[in-house]
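The values are calculated or read from the model by the stated rules, or taken from the named source; none is laboratory data. Everything quoted here is computed from the prediction, not taken from an experiment. All Cβ positions, even for glycine, are placed from backbone atoms using ideal geometry, and neighbour counts span all protein chains on display.
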Amino acid sequence: MDSVTKPRINQQIYSIFGGLKILSKLPKPLLTSGVLSSIFEAAVPFVSLYFSAQILNELVGSRSVDRIIFLVLMAIGLNLTAMLAQRGLLRWHEYCRENLWINLSKFYTDKMLEMDFGDGESIEMQEAYSQIRQHQNGMGFGLMRLTSPIPLIVRGVIQIALSVTLAFTLFTLPVPPDSPYGWLDSWWMITLVLLVLAGPVLLTPYLNLKGGKIWAKANEHNNKGNRFFAFYFFDLIQGSNRAKDIRIYDQGQIINRHNDEFANPEFQRGGLFQGFARYNGKYVALGTAIAFFCNGLLFLFVATKALAGAYEVGNIVLYVGALTQFGMGVASVLSQCGELLNNAPFLKEVLEFLHFPRTMSQGTRSIDIDLMKSGEIEFRQVSFKYPTSKAYVLRNVSLKFKVGQRLAIVGENGSGKTTLIKLLCRLYDPTKGEILLNGVNIQEYDVEQYREIFSIVFQDFKLLPLPLGQNVAVDVNYDPEKVEHVLMQAGYGERLQTMSNGLETYLYTDFEENGVDISGGEAQKIALARALYKDAPFVILDEPTAALDPIAEHEVYSKMNETIRDKTAVFISHRLSSCRFCHDIAVFHEGELVQRGSHEELVERLGEKYQELWNAQAQYYAEEGVSSALHLVGDLL
């Protein structure tokens, strides 16, 4: 395979059983319903075979009308019962499969959500997750492909067992001693018949296994096409922002050029289409021809033995049908086992992903949120580098600030400000040093409970295409009065009054055609309201208003400073003017804490970083101030 390494047989078996264990966690009994349906599906043909043989024997024998009627009624009754049971179980199985794709995808999304943030954010894990999705969505490899073979294997086993039971007498009933066909009972003839029987039985699954390997190898070509179309192209043409670029720059012609590559047979040579042609044209045609030839020899043996007087004519139907079902059963079992083995490497990827351990300490110490109105946060000689990087993003940071106070963290882009907040919130743990809350290493606190003490608005915050009230409360059930109150505090009150459905108005049109599109500024206000609704003791604004001009950002930060009152607040910005209202400002540069103090203190320190940044940005602030003043005068006039 191109991207999936084939494991050893013991690893393949382990992967198969591991996948079955995961499927057993589905909310509906998918495998059980499939197995039960397969049992009845396998039994139905044998009811017809048995009674057809008995009726035929009676017709060429004593011709008892009562017995014929009895056999016909039994055949009809048992067939009807078995068919109804099989159809009912099949409907149950289809019902269990109804949300299979969603349920399987949920296994992966749940794992991503429970995974340590650093692992989930890593390129390796993102690529593994993407590969699993592509294998499943493209050609059904992985857990999806595991749902069909098991019921088919069970059906094949039932076919084999019933066939052997019915056809056993084919070899035990002897030809009459005075018959010239006595050689039909010889050991070499029986051996020859068994070999002929084994021909199509072994050939069919072998061809299916070969074909399955072709599909597995062709999976990469198929995934490439899916990535281009399903994961990129179809998404690309959606949305007004992308559509504008496509039209202005005529990007459609270059997209179509790449589309032609995927449609060109030369691109597929040696790939998916050729594998499909080889499987259908070469393997299946050859296998079908040999199977028909071998079946013809078997039928000749059965008919000749009946002619010799070994059994009644009606048994020809029984034995021919039983041998056919036996061949189908063995072929099904071996083919589906081959299917399982071909799918095992993809299952191995799934299991490695779903069983990926959490390495971050989860902590056990509880936090009393009510006591978070006092105390101290301390960074003690903290250094940090991302797992895939050799360079430190933060170096030897030592920083203390009191709970209940305001702290501004400023510095140029890339100075380590956001990374500091990720460490504080335990999205990552320090590479060196420690972070203390009230003298206790934060790694000792229960990680989920610890994160509850923070309300954060990140620069790249996300809102969901759900009702406004649910976005603010992050809950289906919420307090409408509280939601309206925090929206008012965040400056969204006027816009709320224009929404016809109020808090039940959907944001965006992804799920609701009557949803409303909101501007970037409105989204920021909703995100701020969400932070206020959580009512956590720590509020952090990590440059959520970076897209605004400096004066507008300063106004938002100042308003939030008034709104959060006695809570601990951390304001982060690369614009010094936005946070100058804070009496405690920490200046970061190239991953180090280089200055600390109030705006008035720091701006007077000649030649140091804060003054350098202030002077560099001051002209822009002045121009913005003049512009705003002119607009204000214009409005007054």
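A few points about this structure:
- Note on segment 39-58: residues that are modelled with pLDDT of 85 or more and either over 27 Å from Q86 (Cβ atoms) or of a type in the set (S, T, Y) (or both) amount to 3.
- G120 fulfils the conditions (1) touching a residue at least 60 places away in the same chain (Cβ under 8 Å); (2) surrounded by 14 or more Cβ atoms within 10 Å (Cβ to Cβ); (3) in a helix (DSSP H, G or I) except for a single criterion, (1).
- Any pair with Cβ under 7 angstrom, 6 or more apart, that starts in segment 153-181 at a residue that is touching a residue at least 40 places away in the same chain (Cβ under 8 Å) and of a type in the set (D, E, K, R) and ends at one that is assigned to a helix (DSSP H, G or I) and surrounded by 15 or more Cβ atoms within 10 Å (Cβ to Cβ): R155/S38; R155/E41; R155/A42; R155/S332
- Options F141, F46; residue that is part of a loop (DSSP other than H, G, I, E, B) and within 44 Å of the chain's Cα centre (by Cα): F141
- Test result for P45, out of contact with any strand residue (DSSP E or B) (no Cβ under 8 Å at 6 or more places or on another chain), surrounded by 14 or more Cβ atoms within 10 Å (Cβ to Cβ) and farther than 21 Å from G329 by Cβ: no
- Taken over segment 457-472, the residue count meeting the criterion of being out of contact with any Pro (no Cβ under 9 Å at 6 or more places or on another chain) and touching a residue at least 60 places away in the same chain (Cβ under 8 Å) is 2.
- Flag for V403 being modelled with pLDDT under 90 and touching a strand residue (DSSP E or B) at 6+ places or on another chain (Cβ under 8 Å): yes
- Tallying residues that are surrounded by fewer than 18 Cβ atoms within 10 Å (Cβ to Cβ), closer than 19 Å to T169 by Cα and of a type outside the set (A, V, I, L, M) within segment 287-306 yields 2.
- Candidates are the residues of segment 12-33 that are in a helix (DSSP H, G or I) and surrounded by fewer than 15 Cβ atoms within 10 Å (Cβ to Cβ); the one that is nearest to the chain's Cα centre (by Cα) is K21.
- Criterion violated by L464 - all others in (1) within 30 Å of N413 (Cβ to Cβ); (2) in contact with a strand residue (DSSP E or B) (Cβ under 6 Å, 6 or more places away or on another chain); (3) surrounded by fewer than 18 Cβ atoms within 10 Å (Cβ to Cβ) satisfied: (2)
- Yes/no for K432 being surrounded by fewer than 20 Cβ atoms within 10 Å (Cβ to Cβ) and at pLDDT 90 or above: yes
- Residues of segment 166-196 classified as of a type outside the set (S, T, Y), at pLDDT 80 or above and outside any helix (DSSP H, G or I), total: 6
- Taken as a whole, the structure leaves R63 outside the set of residues that are modelled with pLDDT of 85 or more, over 24 Å from G156 (Cβ atoms), over 38 Å from the mean Cα position of the chain (by Cα) and basic (K, R).
- A310, sole failed condition from (1) touching a residue at least 60 places away in the same chain (Cβ under 8 Å); (2) under 28 Å from D116 (Cα atoms); (3) out of contact with any helix residue (DSSP H, G or I) (no Cβ under 6 Å at 6 or more places or on another chain): (2)
- Criterion violated by N514 - all others in (1) farther than 17 Å from L487 by Cβ; (2) more than 37 Å from the chain's Cα centre (by Cα) satisfied: (2)
- Among the conditions (1) at pLDDT 85 or above; (2) closer than 16 Å to K462 by Cβ; (3) hydrophobic (A, V, I, L, M, F, W, C), F511 misses just one, which is (1).
- All conditions in (1) under 27 Å from D535 (Cβ atoms); (2) in contact with an Asp or Glu (Cβ under 7 Å, 6 or more places away or on another chain); (3) surrounded by fewer than 18 Cβ atoms within 10 Å (Cβ to Cβ) hold for R380, with the sole exception of (1).
- Listed conditions (1) in contact with a helix residue (DSSP H, G or I) (Cβ under 7 Å, 6 or more places away or on another chain); (2) in contact (Cβ under 8 Å) with a residue 12 or more places away in the chain are all met by E434, apart from (1).
- Listed conditions (1) surrounded by 14 or more Cβ atoms within 10 Å (Cβ to Cβ); (2) modelled with pLDDT under 90 are all met by L36, apart from (2).
- Leading residue by the ranking (farthest from E562 (Cα to Cα)) among those in segment 456-474 that are at pLDDT 90 or above and of a type outside the set (A, V, I, L, M): P467
- Evaluation of S500 against (1) more than 32 Å from the chain's Cα centre (by Cα); (2) within 25 Å of C579 (Cα to Cα) (one fails), failing number: (2)
- Within segment 525-547, the set of residues being free of Cβ contacts under 8 Å to residues at least 60 places away in the same chain and either surrounded by 21 or more Cβ atoms within 10 Å (Cβ to Cβ) or β-branched (V, I, T) (or both) comprises K525, A529, T545.
- Subset of segment 59-93 [over 26 Å from A161 (Cβ atoms), without any contact (Cβ under 8 Å) to a residue 60 or more places away in the chain and not hydrophobic (A, V, I, L, M, F, W, C)]: S62, R63, S64, D66, R67
- Residues that are under 20 Å from Y311 (Cβ atoms) and of a type in the set (K, R) within segment 53-90 comprise R63, R67, listed in sequence order.
- Residue check for E555: closer than 19 Å to L407 by Cα and either in contact (Cβ under 8 Å) with a residue 40 or more places away in the chain or among the charged types (D, E, K, R) (or both): yes
- Residue list for segment 383-418, restricted to those being of a type in the set (A, V, I, L, M), farther than 20 Å from D584 by Cβ and surrounded by 17 or more Cβ atoms within 10 Å (Cβ to Cβ): V393
- Segment 371-391, residues that are over 18 Å from S122 (Cβ atoms) and touching a residue at least 24 places away in the same chain (Cβ under 8 Å): M372, K373, S374, G375, E376, I377, E378, F379, R380, Q381, V382, S383
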